[in-house]
Amino acid sequence: MTRKRRRLVLIGGGLGVLAIAVGLMLNALRDSIVFFNSPSDVVEKHVAAGTRMRLGGLVKADSLVRGDNLRVRFAVTDGEREIAVNYHGVLPDLFREGQGVVAEGVLDGAGVFEADTVLAKHDETYMPKEVAAALKKSGHWQDDYAKKAAVPVAGGGK
Amino acid sequence: MIAELGHYALMLALGLALIQGSLPLVGARSNDAVLMSMATPAALAQFVFVALSFAALAVCYVTSDFSVLNVYENSNSAMPLIYRLTSIWGNHEGSMMLWVFILTFFGALVAVFGNNLPVKLKANSLAVQAWIAAAFDLFILITSNPFLRIPNAPFEGRDLNPILQDPGLAFHPPMLYLGYVGFSIAFSFAIAALLEGRIDAAWARWVRPWVLGAWMCLTLGIAGGSYWAYYELGWGGYWFWDPVENASLMPWLAGTALLHSAVVMEKRGALKVWTILLAILAFSLSLIGTFLVRSGVLTSVHSFATDPTRGVFILAILAIFIGGALALYAARAPLLKQGGLFAPISREGALVFNNLFLTSACATVFVGTLYPLALEALTGAKISVGPPFFNLTFGPLFVPLLLAMPFGPLLGWKRGDLLAAAQRLLAAALLAAVAIAASFALQRGGPVLAPFGVGLAIFVMAGALIDLAERTMILRVPFGAALRRAAGLPRSAWGTALAHFGIGVTLLGIVAVTAWGSERIAAIKPGDTVEIAHYRLTFDGLFERPGANYHELVGHFTVRRMSGELLGAMEPSRRTFPARNMATTEAALMSRRFSQLYLSLGDPNPDGSVAVRLYFKPQVLLIWLGALFMFAGGALSLSDRRLRVGAPRRAKAPAAALQAAE
């Protein structure tokens, strides 16, 4: 093989692998991304039942009900709207009423959010970015959060 | 006083970095030996002052000087000494100090051990190194000064985030930073080579030990972080595809590619331009990783509360260094001479294959990590790209890579014989087929793909062993002769085989845990039992136990086999830290060879029951054991290199040189 042809093989192979990688990514981006919505978003956008998404907001005060066998029910609110959430499992350490939360799952036909994951927060002053944005949007952001957020919070070295 | 000294030392270090960044550069352009020779003492002095500054911060932490804001916010006098020390880098400011400390440490190492480097290359690369240090010194001094005082010193500190009060913090960030920052040496050498417009195979020989060392530390750092997350976060996951994990995986992938392409460059003089690009990319990805973690643009376990000036500052550093490096590359790379012809089927070809797939895999991780940020910036839509994305992209790219891996070392340089290599790997393929069949026969309800995963892991491991067997000819010559050949093999050959074997080990662990792990979540009362896999756990009750700076609620469980044989006790707990009013879950682990039982405690319910999560993690320890193999392989290879790097006269050992084909 001449030098030129060898180089052609190399470049062709490289482009081939790249094309495969791009194809894989486009395919995966179509199927596996999850949108984040606040309770207001869910109502306004008429999110269809069965669509996988993340729901974020504050856990409504006094809404947590613990059922049998680790079933829990609570409401997520952004001050405007609220959505009931069902979850089966152990809630993360820092799950508290009045605090920010992000749940991942699907909306059922009755408008109840069936969560399969409730994301763990790692600090008592930590507010998920999306939740903060959602609260600001709905005008229920309190300066209190901002003050907390302004204090540098220890985070991971990881 | 101590804090002010530290602050002052850091400013002096900045001044020295500016000198080191300018004079040698001018010297290299004007062929002024005196100016160029300034680089070495400047690098050493700079390291001394940064070390002083770091030590000053350490003293503030150890003596619990709460008049220093950073200490007040992240430490507490009730914490054990080890955590008071590790909390130095358990926060933004301190971790940047560690970053710069390691950076200047590497600079000093190059200054001391780089005596056999060409004068210009050394001067230029130390100058580039100094520019990086100067940028980060400035960053610390302007936006993240750890030495700020509080006017009225409080009596007690706010404590370190309890999640971080763990031996993992002593190990994981320093190792990770050693890896990240280690790539800066390859970067500096690459820029120096581009500035000079000259590069040869010797360049790869000088750079490889640094890349290898950085890669080893990064491997261990990532694995350590993964094990830490596994036992600390209470849900038994070892990898979440969290953006910050991805931030450390990207430099690892690029670094692994660099490691392999540098071999081609050193042995065959080919792939020069590509290797330079990889050196730039590996460190650029390390910088991007730092940016992602430190700027707070990501929602993640690791985010610190955001301060926009920091984000903008790091973004500027990124733009200058990455943009500048790539621009220089674009301008100068065409001038570099190409060399080394090879056929597509050859050792070089295999390494190119490796590089293509590793960089493509790296690109998918890059897209998956940054796409949500880009989309939010452009359209405002908030999305999360989770494990499904990476499983669908990263996985398919890694499979061919692993399939091809055992072939690489068996192919000859320049022109290889694929058929002969395949024949040698026949035994590995048979073994893999047996493993697939056995897994199918044994598995009770698991993914169909899992046995193939096991087969692939076995193929990779057996392939590494066959590589060694071929080199020692253990099956073809008498045992004694094979032993002599084994002793004569370059250590790098052993290192390669060991590291490749480790990949197989890790893969086996991942497949087993993913496919055959099981999980029980239950609310139980004292006296209840939970069963998982072939184990039965009895809940004996809860009791309180005081700790150094926390108190904990401990659950006591007795573990038995299904047959009734007593295996021991497990004591998961929930710790409450009064200083931050925060609770953490401490999972209990019981290892059964490479498998683990994993038990974590949830909240106690009003009715007296308590929620528990119980996992059976088959072969989970293999995941991290494999990383240890990779590290050991790197270490073996590195010890080989040091012997040869110092000795320019290579003709002394022609036999070794012939075999020196790692």
Exercise for review: Examine the range B:78-95 for a residue that is of a type in the set (Phe, Trp, Tyr) and either buried (at least 20 other Cβ atoms within 10 Å of the Cβ) or within 23 Å of the chain's Cα centre (by Cα) (or both), and state whether such a residue exists.
Suggested key: yes
Exercise for review: Identify all residues within the range A:51-76 that are of a type in the set (A, V, I, L, M) and surrounded by fewer than 17 Cβ atoms within 10 Å (Cβ to Cβ); write none if there are none.
Suggested key: A:Ala61, A:Leu64, A:Val65
Exercise for review: Run B:Arg84 past the list (1) within 14 Å of chain A (Cβ to nearest Cβ); (2) touching a residue at least 60 places away in the same chain (Cβ under 8 Å) and report the number of the one that doesn't hold.
Suggested key: (2)
Study note, to complete from the structure: Checked against (1) within 9 Å of chain A (Cβ to nearest Cβ); (2) more than 27 Å from the chain's Cα centre (by Cα), B:Pro388 satisfies every condition except (2)
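Per-residue answers, yes or no, for (1) among the polar types (S, T, N, Q); (2) out of contact with any Leu (no Cβ under 6 Å at 6 or more places or on another chain):
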site: B:Phe452; (1), (2): no, yes
site: B:Ala462; (1), (2): no, no
site: B:Ala482; (1), (2): no, yes
site: B:Pro490; (1), (2): no, yes
site: B:Thr506; (1), (2): yes, yes
site: B:Ile510; (1), (2): no, yes
site: B:Asp528; (1), (2): no, yes
site: B:Glu531; (1), (2): no, yes
site: B:Arg536; (1), (2): no, yes
Review point. If A:Ala21 satisfies every condition in (1) assigned to a helix (DSSP H, G or I); (2) closer than 26 Å to B:Ser600 by Cβ but one, which is the exception?
Key: (2)
Review point. Residues of the range A:5-41 being under 15 Å from B:Ile383 (Cβ atoms) and either touching a residue at least 60 places away in the same chain (Cβ under 8 Å) or facing chain B (nearest Cβ under 9 Å) (or both), which ones?
Key: A:Met25, A:Ala28, A:Leu29, A:Asp31, A:Ser32, A:Ile33, A:Val34, A:Phe35, A:Phe36, A:Asn37, A:Ser38, A:Asp41
Review point. Does A:Thr2 satisfy the condition of being over 21 Å from B:Leu392 (Cα atoms) and more than 8 Å from every other protein chain (Cβ to nearest Cβ)?
Key: yes
**Study point:** Some residue of the range B:116-130 being in a helix (DSSP H, G or I), closer than 30 Å to B:Glu586 by Cα and among the hydrophobic types (A, V, I, L, M, F, W, C)
**Key:** no
Check your understanding: If you take the residues in the range A:65-88 that are more than 11 Å from every other protein chain (Cβ to nearest Cβ) and not in a strand (DSSP E or B), which one is farthest from A:Asp41 (Cα to Cα)?
Key -> A:Gly79
Point to revise | Looking only at the range B:87-105, and only at residues there that are of a type in the set (A, V, I, L, M) and more than 9 Å from every other protein chain (Cβ to nearest Cβ), the one that is nearest to B:Tyr177 (Cα to Cα) | key: B:Ile102
Check your understanding: Which of the helices (runs of 4 or more DSSP H) contained wholly in the range B:1-115 include at least 2 residues that are in contact with a helix residue (DSSP H, G or I) (Cβ under 8 Å, 6 or more places away or on another chain) and of a type in the set (Val, Ile, Thr)?
Key -> B:2-30, B:39-62, B:81-86, B:92-113
Check your understanding: Residue check: is B:Ile191 surrounded by fewer than 24 Cβ atoms within 10 Å (Cβ to Cβ) and of a type in the set (Val, Ile, Thr)?
Key -> no
**Study point:** Within the range B:575-597, considering residues that are among the basic types (Lys, Arg) and in a strand (DSSP E or B), the one nearest to the other protein chains (Cβ to nearest Cβ)
**Key:** B:Arg575
Check your understanding: Restricting attention to the range B:598-621, which residues are under 27 Å from the mean Cα position of the chain (by Cα) and either in a loop (DSSP other than H, G, I, E, B) or more than 25 Å from B:Trp516 (Cβ to Cβ) (or both)?
Key -> B:Pro618, B:Gln619, B:Val620
Review point. Any residue in the range B:119-131 that is in contact with a helix residue (DSSP H, G or I) (Cβ under 6 Å, 6 or more places away or on another chain), charged (D, E, K, R) and either touching a residue at least 24 places away in the same chain (Cβ under 8 Å) or not assigned by TED's automatic domain parsing to the domain that holds B:Leu103 (or both)?
Key: yes
Check your understanding: Out of curiosity, is B:Gly221 part of a helix (DSSP H, G or I) and surrounded by 22 or more Cβ atoms within 10 Å (Cβ to Cβ)?
Key -> yes
Practice item. From B:Gly446, B:Gly453, B:Gly368, grab the single residue that is touching a residue at least 60 places away in the same chain (Cβ under 8 Å) and assigned to a loop (DSSP other than H, G, I, E, B). Key: B:Gly446
Exercise for review: Within the range B:181-191, identify whether any single residue is modelled with pLDDT of 90 or more, of a type in the set (S, T, N, Q) and not assigned by TED's automatic domain parsing to the domain that holds B:Gly602, and answer yes or no.
Suggested key: yes
Revision key, fill the gap. The condition from (1) under 32 Å from the mean Cα position of the chain (by Cα); (2) of a type in the set (Phe, Trp, Tyr); (3) surrounded by fewer than 16 Cβ atoms within 10 Å (Cβ to Cβ) that B:Phe543 misses is numbered (1)
Exercise for review: Considering every residue within the range A:29-48, establish whether at least one is touching a Ser or Thr at 6+ places or on another chain (Cβ under 8 Å), assigned to a helix (DSSP H, G or I) and in the same structural domain as A:Ala115 (by TED's automatic domain parsing).
Suggested key: yes
Review point. In a loop (DSSP other than H, G, I, E, B), under 27 Å from the mean Cα position of the chain (by Cα) and more than 9 Å from chain A (Cβ to nearest Cβ) - does that describe any residue in the range B:345-363?
Key: no
Check your understanding: What are the residues in the range B:344-374 that are aliphatic (A, V, I, L, M), buried (at least 17 other Cβ atoms within 10 Å of the Cβ) and at pLDDT below 90, if any?
Key -> B:Ile345, B:Leu370
Review point. So is B:Gly324 surrounded by fewer than 19 Cβ atoms within 10 Å (Cβ to Cβ), under 24 Å from B:Met96 (Cβ atoms), modelled with pLDDT of 90 or more and not hydroxyl-bearing (Ser, Thr, Tyr) or not?
Key: yes
Check your understanding: Only one of these conditions is not met by B:Leu401: (1) closer than 29 Å to A:Leu18 by Cβ; (2) without any contact (Cβ under 8 Å) to a residue 24 or more places away in the chain; (3) not aromatic (Phe, Trp, Tyr). Which number is it?
Key -> (2)
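Okay, residues lined up against (1) in the same structural domain as B:Pro447 (by TED's automatic domain parsing); (2) among the β-branched types (Val, Ile, Thr); (3) under 14 Å from B:Tyr598 (Cα atoms); (4) surrounded by fewer than 19 Cβ atoms within 10 Å (Cβ to Cβ):
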| position | (1), (2), (3), (4) |
| --- | --- |
| B:Val511 | yes, yes, no, no |
| B:Phe539 | no, no, no, no |
| B:Ala548 | no, no, no, yes |
| B:Glu552 | no, no, no, no |
| B:Thr558 | no, yes, yes, yes |
| B:Arg561 | no, no, no, yes |
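The values are calculated or read from the model by the stated rules, or taken from the named source; none is laboratory data. Predicted, not measured: the structure shown is a model, and the values here were computed from it. As a convention, Cβ positions derive from the backbone with ideal geometry for all residues, glycine included, and neighbour counts pool all protein chains shown.
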